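Report on the structure given below.
The values are calculated or read from the model by the stated rules, or taken from the named source; none is laboratory data. What you see is a predicted model; the values in this text were computed from it and never measured. Cβ atoms come from the backbone with ideal geometry, glycine included; neighbour counts cover every protein chain shown.
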Amino acid sequence: MSSLSTLALERTGFHELRGGNLGVRIAATDEEREAAQALRYRVFFEEMGAKPNAQTERLKRDIDDFDEAADHLLVIDHAVSDGAAGVVGTYRLLRSDAAAKLGRYYTAGEYDISVLTEFPGRLLEVGRSCVDRNYRGRAAMQLLWRGIASYIFLHRIDVLFGCASLSGTDPNALADELTYLYHNHLAPPALRIRALPERYVDMQRGDPHTLDHRRCLSKLPPLIKGYLRLGGYVGDGAVVDEQFNTTDVAVLVKSELLADKYYRHYERRLRDALD
């Protein structure tokens, strides 16, 4: 089993990282990818109230055109199974070379991402993150972040981006969170993707000077807080996704921020846990 220091020295492939019974690695079979899609269905459609189309409801799997081209990061509970039956967490990873073959990114359905696609570097779109309800603690999310950090290093990614969701489709109910994100974490112009005009929802929905920052942070989903802790940014404008019962914001992280903060703060502790 490889430690993070080994992964930092060798770009020979993605090695599974372990923490107790849980491990994180890339899906290796169709069955494992389908298990990730089934987990996404349970979380997004059965728990969070997303509205399935006929195929999605019949298959009980969340599937779209991007799944075939993407890598699927998995958290696996080896106490249950070393394969598909043990999948308890997932994150979809779409590199720029794979997106080029498809001709588009998922995020482009909500945001104008031309400032990124014109960026002279390697991009990684992340999305469809979820964890089984019985594993929603620190261990599974930390493993997903470990996996992303290692994947970014392995593939020499320059910018990570994607859509992150707040629950609900009423932006006014999320006024404090959206206002806080806009005034404290807006991306610099060179990375500032903007919601498409027909989908643009203004994030400035209150007086930023009256916000309780600690309360705003506490109300943000753990995934968005994770991006912010890594030095991440948000794009300009939110997007209401009626199908998934969410209000989305664009998130961006420059890979050196992730690598610096992640490895500096976690490598020693993770190495101790893995040894």
Checking the condition buried (at least 16 other Cβ atoms within 10 Å of the Cβ), over 18 Å from L228 (Cα atoms), touching a strand residue (DSSP E or B) at 6+ places or on another chain (Cβ under 9 Å) and modelled with pLDDT of 95 or more, which residue from D202, D132 passes? D132
State the number of residues belonging to region 157-183 that are within 15 Å of L220 (Cβ to Cβ), crowded, with 17+ Cβ neighbours inside 10 Å and hydrophobic (A, V, I, L, M, F, W, C). 6
A careful count of residues in region 104-128 that are among the β-branched types (V, I, T) and over 18 Å from the mean Cα position of the chain (by Cα) gives 2
The residue from L223, L181, L217 that alone is assigned to a helix (DSSP H, G or I) and more than 18 Å from F161 (Cβ to Cβ) is L217
In region 212-241, residues that are at pLDDT below 95, more than 17 Å from the chain's Cα centre (by Cα) and of a type in the set (A, V, I, L, M) total 1
Just to be sure I understand the filter: pairs with C-beta atoms under 8 Å, separated by 6 or more residues or on different chains, first member in region 179-191 and within 11 Å of M203 (Cβ to Cβ), second member among the aromatic types (F, W, Y) and not in a helix (DSSP H, G or I). Which pairs pass? H185/Y233; L186/Y233
Only one residue in L123, L143, L154 is over 23 Å from D241 (Cβ atoms) and crowded, with 18+ Cβ neighbours inside 10 Å. Which one? L143
So which of L186, L116, L94, L196 is in contact with a strand residue (DSSP E or B) (Cβ under 8 Å, 6 or more places away or on another chain), within 30 Å of H213 (Cα to Cα) and buried (at least 20 other Cβ atoms within 10 Å of the Cβ)? L116
In region 146-201, what count of residues is obtained for those that are among the charged types (D, E, K, R) and within 17 Å of Y91 (Cβ to Cβ)? 1
Exactly one condition in (1) of a type outside the set (D, E); (2) over 19 Å from the mean Cα position of the chain (by Cα); (3) assigned to a loop (DSSP other than H, G, I, E, B) is not met by R156; state its number. (2)
I'd like the residue in region 44-78 that is in contact with a helix residue (DSSP H, G or I) (Cβ under 9 Å, 6 or more places away or on another chain) and of a type in the set (K, R) and, out of all such residues, is modelled with the lowest pLDDT. K51
